[in-house]
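Take a look at the structure set out below.
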Amino acid sequence: MKTNPDYEKDLATIRTIMERSSKFLSLSGLAGILAGIYALVGAAVAYRWIHYPASLFEYRTYSISDPGTRLALTVLALIVLAASLLTALWLSGRKAKKRGERLWNGVSRKIFINFAVPLVTGGLFVLIVFYTGHFGLAAPGCLIFYGLALINISANTFDEVRYLGMCEIVLGLIGAALPGFGLALWAMGFGVLHIVYGVVMYNRYDK
């Protein structure tokens with residue numbers, strides 16, 4: 001006859017199987033930290049192009065009105081995004097291999113679709129407002145749609161992803177009200193918050 005420890009072990013096993021079938025648990029905390037670092041480097045370069053030597057919090061539309069600067073900022077944002085995604089894929093794939101799981105499965109496909117729809121929509125929205133002269137909405141738009149994308153996938157991964165998404169949305173709304181703080185809030189959302197999130201994830205799930 002089974003003892004209580006045996007039943008508890010069986011319940012733990014069942015819980016693990018259910019989580020693996022409904023949640024993607026191979027997200028890497030280190031990927032979050034590196035994504036935050038990439039974002040801070042990108043923000044520093046953008047500050048150099050847009051604001052320097054003026055204050056980071058000054059709203060200078062004439063700097064962004066230059067077609068060359070707008071194109072350079074677009075390319076910079078794409079480089080930061082590509083580096084973050086490739087790093088996340090590589091480190092998550094390595095973590096999945098250690099856990100004896102496949103990176104690409106039914107749950108990860110669902111996450112990809114749920115993440116891509118708001119992210120691509122937000123990317124197109126940001127490009128439209130950026131190239132039609134509404135520069136103050138570009139950074140807040142990035143934060144808000146990214147936050148929505150995170151919340152959209154949070155049911156199929158760690159709860160920390162939902163909290164990160166909520167914080168990104170709050171920063172985006174603040175940025176929409178205070179367009180002069182757009183770059184600073186963008187750096188806080190994609191840089192500082194990602195590093196904090198990554199450290200928490202690494203300490204809780206990667207060690």
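What follows draws every value from the coordinates through simple rules; no lab data is involved. Model, not experiment: these values are computed from the prediction. Cβ sites come from the backbone with ideal geometry, for glycine too, and all protein chains shown count toward neighbours.
Things worth noting here:
- Dipole magnitude for the stretch 28-206: about 640 debye, using +1 per Lys or Arg Cβ and -1 per Asp or Glu Cβ, origin at the Cα centre.
- Taking the three principal axes of the alpha carbon atoms in the stretch 28-206, the coordinate ranges are 53, 27, 27 Å, sorted in descending order.
- Taking the number of Cβ atoms within 10 Å of each Cβ as an exposure proxy, the fewest-first ranking of Cys142, Cys167 is Cys167, Cys142.
- 10 Å binning of all Cα-Cα separations within the stretch 120-207, expressed as whole percents from 0 upward: 19, 46, 26, 8, 1
- Of Leu71, Leu119, the sequence from fewest to most neighbouring Cβ atoms within 10 angstrom is Leu71, Leu119.
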